[in-house]
Structures are given as C-alpha cells and as structure tokens.
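S.K.: For reference, the structure I am asking about is given below.
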Amino acid sequence: MTDRVQKICWSMMLMLIIHVGTAQDLRTNVSRSLFSDQKAGSVGDAVTILIVETSSASNDAKTLSGRSDDLSLGGNLNTGSGSGTDVSLNLGTKRAFKGEGATQTRGSVRGKLSAQVDSVLANGNLVITGNRSITVNGEEQTISVRGIVRPSDIHADNSVYSFNIAEAVIVVRGDGIVSEAQGPGLLTKFLHFLF
C-alpha cells in the first residue's frame, strides 16, 4: 500500500468516527415530524399561555318569617252585692323577621406569558409553570400560572388557552403605590383587629 492510500483510509476512518460521534439519536426525535410544527412535549420545552379568563357569579336570598300568638282570658266575679265585677286579661305576642341579601362578582383577566414544562406525566400530559413580572413606574405586576396541559390542546403555534389547563392556578398580583393607596391605613387595620 502506498503512502497516499493509507492517508485516504485514515481520513475516511476519522470522518466516520466524527460522524458517528455527532450523529443525532433518532429515538429522542421519534415524536417530532420534519413536516409538522414544533410543539412542547418534553421537560424544559417552552409553551405560550394565552390567559383568557372571565368569571361572573351572583346570589340572591330572601327570608321572611313571622309568628303571632294571642291569649285571652275572661271571667266574671260576683261579690254577692248584686253587681258583678268583670275581669279580663289579654296577652298577645308577635314576632317578625325579614332578611335579604345579594352578592355579585365579576372578574376578567387577559394576558400572554411563556411557561416551561416541569415534568411529563405517565399519560403524556405536561405539568407547566410560568411567571412574569412587569414593573412600570414603581408598580410591579406579577402573573403566575401553574397546571396540567394535554399535548392535544397545544395549538400549532405552540400556544394553549388558559381554560384548557387542568388544575389551573392563575395568580395576578400588584404591588406599589397604587395598591398601597387602595388598602386601608394602619389605624383602620388596628381598629378592625380590635373590633
């Protein structure tokens, strides 16, 4: 063998080793198609949550009750002088109660944030968590989402609506000057604590 043929053989062996060492494992990509959109499906993948929540509740209650008791007692007393003395006693009680109550609540939350897949359950559902914090002029708003998503509910653009999240916990908090101004003062809090 000539020196040139040996160099070619060594070069081909080296290229084969490099190719095998950097090749992709097809088993990790078996669920991903070359022709479909990339959707979240494994731990660490990101998914966009579209928060569209509207809630409305109302409750009305009326109570009426009443009770009336009348007791009458009458009698004639004769003292023997010919004129009788009439004695009568009337006793009456009355009780009435009337109560009314009504409650009504409405809420609406809209937003968009990215969440990450924390774990994949045995049935293939994804456990996700996501947080987003925005601060504008000293006002901080934090949105947190946690829940379970079915892969079939994830759209082609890798987004899912919040109402498709099972066991969803959506928390929106605000902290800053506006939220402090809306709350009661220290004296009011102290009086509420006492009474």
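S.K.: Can you spot the lysines whose alpha carbon is less than 29 Å from K39's alpha carbon? Ignore those fewer than 8 places along the same chain.
M.R.: Result set, ordered by chain and number: K112.
S.K.: Short version: ³J(HN,Hα) in whole Hz for each residue of the range 168-173, in order, from phi by Karplus 6.51 cos²θ - 1.76 cosθ + 1.60 (θ = phi - 60°), x for Gly and Pro, what are they?
M.R.: 6, 10, 10, 10, 10, 10
S.K.: Quickly work out the I8-to-T54 label distance, labels modelled 7 Å from Cα along the C-beta direction, and quote it in nm with one decimal.
M.R.: Label at T54, label at I8, 7.4 nm between them.
S.K.: Starting from the Cα of K62, draw a straight line to each of the lysines and keep only those under 25 Å, dropping any in the same chain fewer than 8 residues away.
M.R.: Partners found: K94, K98.
S.K.: Now for a separate question. Given labels modelled 7 Å from the Cα in the Cβ direction, how far is it in nm from S108 to A166?
M.R.: My value for the distance between the label points is 3.1 nm.
S.K.: Could you calculate the contour length gain from T129 to A46, that is, 0.36 nm times the residue separation minus the distance between their Cα atoms, to one decimal place in nm?
M.R.: Length gained, T129 through A46: 28.9 nm.
Values in this text are rule-based calculations from the coordinates and carry no lab data. These numbers were taken from a predicted model, which means no experiment stands behind them. Because the Cβ atoms are built from the backbone with ideal geometry, glycine has one as well, and the counts that use them run over all protein chains shown.
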